[in-house]
1. Output the relative contact order of the range 108-153, whole-number percent, from Cα pairs under 8 angstrom with separation of 6+ residues.
2. Given H placed 1.01 Å from N in the peptide plane, which residues other than close sequence neighbours of Phe7 have an amide H under 5 Å from its amide H?
3. Please express the Cα-Cα pair-distance distribution P(r) of the chain as a list of whole percents, one per 10 Å bin, running from 0 to the bin with the greatest distance.
4. Residue by residue through the range 82-94, which ³J(HN,Hα) values in whole Hz follow from phi under the Karplus form 6.51 cos²θ - 1.76 cosθ + 1.60 (θ = phi - 60°), with glycine and proline marked x?
5. Give me a comma-separated list of calculated 3J(HN,Hα) values for the range 132-143, in order, Karplus coefficients 6.51, -1.76, 1.60 applied at θ = phi - 60°, integers in Hz, x for any Gly or Pro.
6. Would you mind working out the accessible area per residue for the chain, using a 1.4 Å probe, and quoting it in Å²?
7. Pop the C-beta distance of Asp64 and Met122 into the FRET formula with R0 = 22 Å and round what comes out to the nearest 0.05.
8. Suppose every Lys and Arg Cβ carries +1 and every Asp and Glu Cβ carries -1, with no other charges. What dipole size does the chain come out with about its Cα centre, to the nearest 20 debye?
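The values are calculated or read from the model by the stated rules, or taken from the named source; none is laboratory data. Just so we're clear, the structure is a prediction, and the values are computed from it rather than from any experiment. As a convention, Cβ positions derive from the backbone with ideal geometry for all residues, glycine included, and neighbour counts pool all protein chains shown. To get the accessible areas, we keep the full protein, side chains included, count just its heavy atoms, and leave off ligands, DNA and RNA. Shrake-Rupley method; radii C 1.70, N 1.55, O 1.52, S 1.80 Å.
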Amino acid sequence: MIKAVIFDKDGTLHDTEQVYHRAWRAAAERTGVPNIMEFVALCTGTNAHQTAVLWQEFYGDAYDFASFWALRDEIYDSIIEKEGLPVKAGAYELLDYLKDNGYKIALATSTNAPRVERHLVMSDMKKYFDAVVTGDAVPNGKPAPDIFLIAAERLGISPADCMGVEDSFNGVRAVRAAGMYTVMVPDMIAPTEEILQISDACPETLTDIITIIQNMKGSKNHD
C-alpha cells in the first residue's frame, strides 16, 4: 500500500534537464571537451561525487573535472536567472492531490542543497515536502538506492510502502534497488527494454500518476 511518494527533481518535477543539456554543451564548446553528450548519458541522475568518478573513467586526466563542473553550473544558473525555472506539466496538480489525500512526500535529488533550496522557493514547492534529501548529503549517488532509502527513513515509511518517481535511467535503477514501487515518467530519453522491465509503471505525464494511485487504492479496497 502506497503511503508516500518520493520524487526526483530535475527532469521529473522541474523541467530542467534540457537546461542542463544546454549548459553541458556550452561548457564543452568553451573548453574543447569532446563527446560531452555521450558522457552526459552516463552520468544523468547521479550526484557530483559519482559524476567525478565517471569523468575520470571516461576522460582520464585529459580534462579537469572541477573547473568544467563549475563552468557548467555557472552557465546553468545564468540560464535559469534569465529565463526562469520551468516546471513539468502536472507537477502542481499531482503534489496537491498527494497533499490533500494524506500521502507523505519527499524529494530525493542528486542536486546540491543550495540549488535545491533556491529552486523549491522559486517554484513555490517547498511547502509540499515532508523531507528533502540532496546529492551532497549522500556519498553513494544514484543508481545506488541510498538517497531513496534515506528519504523513506526520514518520512518514517517503509520503502515497500513508497512510490519513487524518476525520469533518468540511473534514478529508476535506484528506486528499484530501494525496493519501492518504481515509476518512470520519461523526459528527454525514452525508456529502454531494461528500464521498462524494472519499472512498475511508465506513464506519459505526472498527472497520470494520480490515476495509478487511485487504481491501486481501488484494487486494495476491492480486495
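1. 46
2. Close amide H contacts, sequence-distant or interchain: Ala106, Leu107, Ala108, Val165.
3. The calculated distribution, bin by bin, is 8, 34, 37, 16, 4, 1, 0.
4. Values, residue by residue: 7, 10, x, 9, x, 10, 5, 4, x, 4, 5, 4, 5 Hz.
5. 9, 10, 10, x, 6, 9, 10, x, 9, x, 4, x
6. I get 45 Å² per residue for this part.
7. That pair, Asp64 with Met122, gives E of 0.15.
8. For this selection, approximately 460 debye.
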